[in-house]
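Enquirer: Handing you this structure, nothing more for now.
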Amino acid sequence: MKKEKNTSTENTETKEPAQTTPEPCAAEDMAAEEQSMNMADIVGELDKAQADAAKNRDLYLRAVADLDTYRRKVQREKQELAKFALQPLIEELLPSIDHLDMAIDAAKNSDDSKNILTGVEMVSAQIKKVFANFGVEEIAAAGKPFDPNTSECVSHEPSADVPENGVIKVVRKGYTFNGRLLRAASVVVSSGRE
C-alpha cells in the first residue's frame, strides 16, 4: 500500500503542474489581446494628443506674433503722439509770429513808435491767450508778500510803500502749467523802510 500511496501522490504532483500551466497561457493570451487592444487605443490617443499639441503650439505662436505686432503698433503710435503733441500750440502761436513780423516791417518803414507799441501789445496779449488755452498762467507776484515757492528774489530794496518781504516789482514773470510751477518769477523784495 505504501507503493500505491506514492503513486497517488506522484499522480497528484504531476496533475497539479499540468493544471496550472494552461491557466497562465490563457491569461497571457488574454493579457496580450488586451494589450494589443490597449496599444491601438494608446497609439490613437497619442496621435490625438500630438495633434492637439501641434494645434496649441500654432495658436501660441500666433498669439505671440499678434502681441509683438500690437507692441510695435503701440510704440509707433506713442512716438507719433509725442512727436506731434505740441502741434495745436504751435498752430495757435503762428498768427502771433505773423503779427510780430508785421510789427517789425512797420517799425522799419515808420517813425511812429506808438503804432509799433500797439502792435506788440496786441501780439503779447494774443500769445498770453494761447498760453491760457493750454493751461499756462502768469504768477501775479507784484505787491504781494514774497512766496519762495513761486518766486525767486534777485535783490532787496528799501521801500516806504511796500511792507517788509513784499514784492516791489517783477523783473521776469513766472508761470505755472496746469498748477505746476513752470518758471519762478524773478522779483525785487522790499527790505522795509530805511
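The values are calculated or read from the model by the stated rules, or taken from the named source; none is laboratory data. This structure is a prediction, so every number in the text was calculated from the model and none was measured. For neighbour counting, all protein chains shown are included, and Cβ atoms are generated from backbone atoms with ideal geometry for every residue, glycine included.
Enquirer: Give region 137-185 a look and list any residue that's among the polar types (S, T, N, Q), at pLDDT below 90 and under 24 Å from A125 (Cα atoms), or say none. Walk me through how you get there before you give the answer.
Expert: Filtering region 137-185 for residues among the polar types (S, T, N, Q) gives 149-151, 155, 159, 165, 176, 178.
Checking which are at pLDDT below 90 leaves us with 159, 165, 176, 178.
Across region 137-185, the qualifying residues are T176, N178.
Enquirer: Working only within region 67-109, note down all residues that are exposed (fewer than 10 other Cβ atoms within 10 Å of the Cβ), more than 25 Å from G119 (Cα to Cα) and basic (K, R).
Expert: Answer for region 67-109, where residues must be exposed (fewer than 10 other Cβ atoms within 10 Å of the Cβ), more than 25 Å from G119 (Cα to Cα) and basic (K, R): just K83.
Enquirer: Here's another thing I want to ask about it. Applying the selection to region 77-123, what residues are more than 25 Å from N133 (Cβ to Cβ) and in contact (Cβ under 8 Å) with a residue 12 or more places away in the chain?
Expert: Selection gives A106, I116.
Enquirer: Can you tell me how many residues within region 128-183 are of a type in the set (S, T, N, Q) and assigned to a loop (DSSP other than H, G, I, E, B)? Before the answer, list the steps.
Expert: Here is the first cut: in region 128-183, the residues of a type in the set (S, T, N, Q) are 133, 149-151, 155, 159, 165, 176, 178.
Now restrict to residues that are assigned to a loop (DSSP other than H, G, I, E, B): 149-150, 159, 165, 178.
Looking only at that region, the number is 5.
Enquirer: Looking at (1) of a type in the set (D, E, K, R); (2) under 24 Å from the mean Cα position of the chain (by Cα); (3) at pLDDT below 95, which one does R71 not meet, given that it meets all the others?
Expert: For R71, the failing item is (3).
Enquirer: Does A125 meet the test of being under 38 Å from the mean Cα position of the chain (by Cα), under 27 Å from P88 (Cβ atoms) and not in a helix (DSSP H, G or I)?
Expert: Working: under 38 Å from the mean Cα position of the chain (by Cα): yes; under 27 Å from P88 (Cβ atoms): yes; not in a helix (DSSP H, G or I): no.
For A125, the condition - under 38 Å from the mean Cα position of the chain (by Cα), under 27 Å from P88 (Cβ atoms) and not in a helix (DSSP H, G or I) - is not met.
Enquirer: Which of the following residues is within 36 Å of the chain's Cα centre (by Cα), surrounded by 13 or more Cβ atoms within 10 Å (Cβ to Cβ) and over 30 Å from Q87 (Cβ atoms): S159, S151? Spell out how you get there, then give the answer.
Expert: On the way: S159 fails: within 36 Å of the chain's Cα centre (by Cα).
Only one candidate qualifies: S151.
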